[in-house]
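Notes follow once the structure below has been shown.
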Amino acid sequence: MPLLDVKDLSVTFARRGQRTVRAVDGVSFSVEAGQVVGLVGESGCGKSVTSLALMGLLPKQRGVTVGGSAIFADDTDLLKTDERTMRDIRGRDVAMIFQDPLSSLNPVVPIGVQVTEVLTRHRGMTGDAARKEATDLLNKVGIPDPTRRLKEYPHQLSGGMRQRALIAMAVACKPRLLIADEPTTALDVTIQAQILELLRGLVRESGTALIMITHDLGVVAGICDTVNVLYAGRVVESARRKPLFAEPRHPYTHGLLGSVPRLDSGRGEKLHAIRGSVRDVLPWPDGCAFAPRCDRQVDACVGEPPALVEGIHRHAYRCVNPEPATAEVSS
Amino acid sequence: MTEVLVEVDDLKVHFPIKRGAFFDRVVGHVKAVDGVSLRIEKGKTYGLVGESGCGKSTLGRALLQLTKPTGGTVNFDGTELTTLPTKQLRSMRRRMQMIFQDPMSSLDPRQNVESILTEGLQAHGIGGDRAERRKLIAKTLDAVGLPQWALSRYPHEFSGGQRQRIGIARAVVLNPDLIVADEPVSALDVSIQAQVINLLEDLQEELGLTYLVIAHDLAVVRHISDTVGVMYLGALVEEASGDDLYERPLHPYTRALMSAVPVPDPEVEDRRERILLAGDLPSPANPPSGCRFHTRCPWAQPTRCGDERPGLRVIGTGTHRVACHWAEQIESGEIRPHAVTAEVVADGAGAVEAHGTLAAALETPGGPVV
Amino acid sequence: MSVKTDKIDRLSELSAVKQEEQGVSLWTEAFRRLRRSPSAIIGASILLIFVIVAIIGPWVAPYSPTDTIGIREGVVKSGQGIIPGASAEHWLGYDHQGRDLFSRMLVGARQTLLVGVISTLIGLTIGAIIGGIAGAAAGLGGRVGRWVDNVLMRFVDIMLALPSLLLAVSIAALLGASLTTVMIAVGLVSVPIFARLLRGAMLAQSGGDYVLAATSLGVTRRRIALTHIVPNSLAPVIVQATLTLATAIIEAAALSFLGLGNPDSSVPEWGVMLADAQSYLGIRPGLAIYPALGIIITALGFTLLGEAMREALDPKLRK
């Protein structure tokens, strides 16, 4: 049984006088314990909204509708839980790491207090026990001289350190699921490598499941077990990591891979750019949202939304004219 | 032998740190750029790569005299820019243009595209009358792939990629020789980055442009550049052709940087050696003595590294320059990497991983990062 | 070309229709947003009525505002505390000198508007000049520029340190109590606000990338200041001017109330009327209430409009 089973998640934002936006449109995926699941896509594809919906952090106001289900640990539907229960689940069972560690930390409270707060709230630890545990946590995430760091304020730490502190808070209660929303985007590559290594280690050692939200295919290739590629609010391709990169079937995934310069490819090899921009979408009910930008567009792309086709090894793609599978071509 | 368009020699930009309630007292300097020398050949692309705070953007701006250099010289096609009087410098600006990272903030939100593109032409009196200017602008719009109806539009009505095209058009319309592109794609969506990179390459081919591309993304820089310079804490640590640098990184920092760049290929990611650096960048206000990298360098030696600042020296083919005392010994494997404990003063971290991973990953030191 | 791919082309045609249109500038867009804001509409309606009254007031007033009609007819005996209230002929009754209060309110609107507009204009002009020079000097002028900026801003600090009442009293001592005195005093008090606001906005703008871009194009510093920095810094100043109109009217009323306003009460002005009413508050509170209401509602109108403009011009709200 998967740890988290997301079925048909949809989020719509309706504002008076403006078109209703379907930010997430029937997204389904599941996460097993000890697994890293990637949600990849560009700005506006709905990846961040998905994570906020799972955490129950979407603004509770008129016009915001969340549909579908997200069954956590076989019994709790994260989307239908009331705010009080959700507060208990957040931090204890499910924790989140954000892109910008500075704005996710309270600037006027020392790091130590913020970490012990989590321990007090969810694990009932106080005083010296909490302080000792906090020191251990900072140590575990690779912050040197933790006793001193605990007294410092967020602005006194570097970007990489802040992200480590945030991760320490997230893993303080040994959550069963971690959601990381672009955790390394604001960081330099060498620091990014440190943080990714840290996350890898955490998953390996504690068996925590990790949902990794990112736009960086390189990060995905290095850390994820399974990958879901999102476009305009829907999963357009979903596969295990290796088949996805070796044999992308959806033209969007294929295009993304072709449009990223690779460190190991030489100078001057022309990049295969995807034309247009994420603004040029066809509404899903009218066909494939990617069709206006797609090189493989055919008649069948327009009219009705393409269904998610499941191929071998649970490699699924939402396309009527997919990129040929190399295996099929060779045989 | 190709002609050199820009020659930078020992360029320094030091920003004073001021303190004091009533009277500003200079208490120190941030050495953003501290003695950089490089040459950019005509029609070629020089890529400058480094992490935030290494001074690469400041170097680009100092080269264009948008930030006043503290010392050193910048020779642009035979003219010394650092001592050029304001008026001559202003007319020289036509020949050297800039492309910015954030296309939104680098475009005046109250100017429409026509006015944005006309501004430079007017400043330099190019294109005489209105009709002639319009023709020139129309041609430029075509060249950067923007529709003609864009003229009456304002920046906020475009997507990020289109805005960057406007920024490129603004630079190209003046028919410059040199374009300094400061992180030209890092603010764009992945699928748009390729469009802009391709456009820059097409324009170079068409117009014979010379580029200085500044970016934090080594993959982007390698893709677009003929020569790549790696910066660390205000100075170049290594310079070589893109292929050379990739196949034979000599400086320990370059190696670490390369091993950290994610490659969108699981096969590569699983096999590659990772050199995790300990800690963060030291403060440029108080850089380490000797080699600036020695506090984080897994190959640092007890002699020379801590007290003698290495200069760039040529190794091998003649175009590969590196600023490391022990480059040869490191390459041959004579010097083995060791664990580095992050200095607490330098906001260090990562020592824990550095221990474990280095021991495991560096069984084959010096091998290319594949 | 098939039917279905046609559909995609139709979609691009749909966006092509938009392409025919002219671009929408930020001002236009802000104005569109303003039109959709309820508080802007209420504020603007109040002000429209106020301005119309100020313009046509003297012509539609049923009586002359200076005609002491009540005393002539013997109905008003302020000495004995008899000031009749509203009646069919005199909608708001008489004032203490037997003049028709309604007519005085109508005619007084013009003076009140004048006080507000002129004193704000004085403050805006002087403030914008000082702030503009300081901002341009600090943002683009280098070492000399920072010096100029320092001198101007210390001068503004001194102005800010003077209590507005003291300033007004001193000006009144120099020029004598009059409407002009009130306008100058109220105007000068708002100078530091405008100066600091414009300077701050200009400094923020001159650090922007597009200023660097213009410099790298080879545009002169003066041109950059005039065509880029100033226009982009104006929005907060305009909002502040609207809000200042409200406070200016209230402050002018306060100064008039203290006797620094026009001593000739034959020219009606709401502030002066309020001041005159203080001796008769016990007998006829209406004498104070009506001018006060007028001032409050007008000030509210300016405030509503100003706040709505602040929201409409906020670049953060732009999509």
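Using 10 Å bins from zero, what percent of all Cα-Cα pairs in the stretch B:75-167 falls into each bin? The distribution over the stretch B:75-167 is 15, 41, 31, 13, 0, given as percents. Summed over both chains, the area buried between B and C is near 2600 Å², taken from the accessible surface of protein heavy atoms with a 1.4 Å probe. Here the peptides B:310-316, B:211-217 are ranked by packing, the mean other Cβ count within 10 Å, and the order with the highest first is B:211-217, B:310-316.
Built from the Cα atoms of the protein assembly as shown, the convex hull projects on average onto 51.7 nm², one quarter of its surface area.
What a 1.4 Å probe finds exposed on the stretch B:93-149 is 49% carbon and sulfur by accessible area, rounded to a whole percent. Between the Cα long axis of helix A:189-206 and the first principal axis of chain A there is an angle of about 80°, rounded to the nearest 10. Pick from B:P69, B:P298, B:P16: which is most flexible by mean-square fluctuation in a GNM of chain B where alpha carbon atoms under 10 Å apart are linked? Per the Cα network of chain B with a 10 Å cutoff, B:P16 tops the list. Positive-end ranking of B:V6, B:I197, B:P262 along the dipole of chain B, with charges on Cβ about the Cα centre, is headed by B:V6. Among A:I312, A:I211, A:I167, which one moves the most in a GNM of chain A with springs linking Cα atoms closer than 10 Å? Highest fluctuation of the listed residues: A:I312.
Across chain C, the longest piece that holds none of the GluC sites (Glu not before Pro) lying in DSSP loops with up to 12 other C-beta atoms within 10 Å covers C:90-319. Remark: mean inter-chain Cβ contacts per residue of C:204-210 equal 5, using a 10 Å Cβ-Cβ cutoff to other protein chain atoms.
Helix screen, chain C: DSSP H segments with Cα axial length of 20 Å or more and mean Kyte-Doolittle hydropathy at least 0.5 are C:38-60, C:101-140, C:142-161, C:179-206, C:230-257, C:286-313.
Lysine pairs in chain C whose alpha-carbon atoms fall under 29 angstrom of each other, counting only those eight or more residues apart or on distinct chains, come to 5.
Expressed as a whole percent, how much of the Cα-Cα distance distribution for the stretch B:4-225 exceeds 25 Å? Pairs farther apart than 25 Å: 42 percent. Averaged over the residues of peptide A:190-203, the number of Cβ atoms from other protein chains lying within 10 Å of each residue's Cβ is 6.
Solvent exposure of the stretch B:4-225 amounts to 37 Å² per residue of accessible area, where only protein heavy atoms count and the probe is 1.4 Å.
Reported value for chain A: 158 Å³ per residue, from the convex hull of its C-alpha atoms. Per residue of B:155-166, other chain Cβ atoms within 10 Å of the residue Cβ number 3 on average. Its convex hull of Cα atoms gives the stretch B:14-90 a direction-averaged projected area, equal to a quarter of the hull surface, of 7.0 nm².
With N as its number of residues, chain B has a Cα radius of gyration that, divided by 2.2 N^0.38 Å, comes to 1.06.
In terms of packing, defined here as the mean over residues of other Cβ atoms within 10 angstrom, the peptides C:169-177, A:26-34, C:252-260 line up highest first as C:252-260, A:26-34, C:169-177.
Under 17 Å between alpha carbons, and skipping anything fewer than 8 positions from A:K132 in its own chain: which aspartates and glutamates qualify? The qualifying aspartates and glutamates are A:E117, A:D145, A:E152. For chain C, just say rounded, prolate or oblate: build the C-alpha gyration tensor, square-root its eigenvalues into a ≥ b ≥ c, call rounded for a/c under 1.5, and beyond that prolate if a/b exceeds b/c, oblate if not. Verdict is oblate for chain C. Tilt of helix A:159-171 relative to the longest C-alpha principal axis of chain A, in degrees (0 to 90, nearest 10)? Helix A:159-171 sits roughly 80 degrees off the main axis of chain A. Count the lysine pairs in the stretch B:4-225 that are 8 or more places apart or on different chains: how many have C-alpha atoms under 18 angstrom apart? The number of close lysine pairs in the stretch B:4-225 is 9. By how many degrees, between 0 and 90 and to the nearest 10, does the Cα long axis of helix A:111-123 differ from the longest principal axis of chain A? Here the helix axis deviates by roughly 80 degrees.
Between B:R163, B:R153, B:R61, the Gaussian network model of chain B with springs among Cα atoms under 10 angstrom shows the greatest mean-square fluctuation at B:R153.
Take chain A with all the other protein chains still there, run a 1.4 Å probe, and you get 42 Å² of accessible area per residue. Spacing of the modelled spin labels on A:K80 and C:E73, each 7 Å from Cα toward Cβ, amounts to 7.8 nm.
For the stretch A:115-223, the spread of Cα positions along the three principal axes, ordered from largest to smallest, is 43, 30, 18 Å.
The values are calculated or read from the model by the stated rules, or taken from the named source; none is laboratory data. Since the structure is predicted, the reported quantities are computational estimates derived from the model, not experimental observations. Virtual Cβ from ideal backbone geometry, glycine too; neighbours counted across all protein chains shown. Accessible surface is based on the protein model in full, side chains and every heavy atom, while ligands, DNA and RNA are left aside. Shrake-Rupley method; radii C 1.70, N 1.55, O 1.52, S 1.80 Å.
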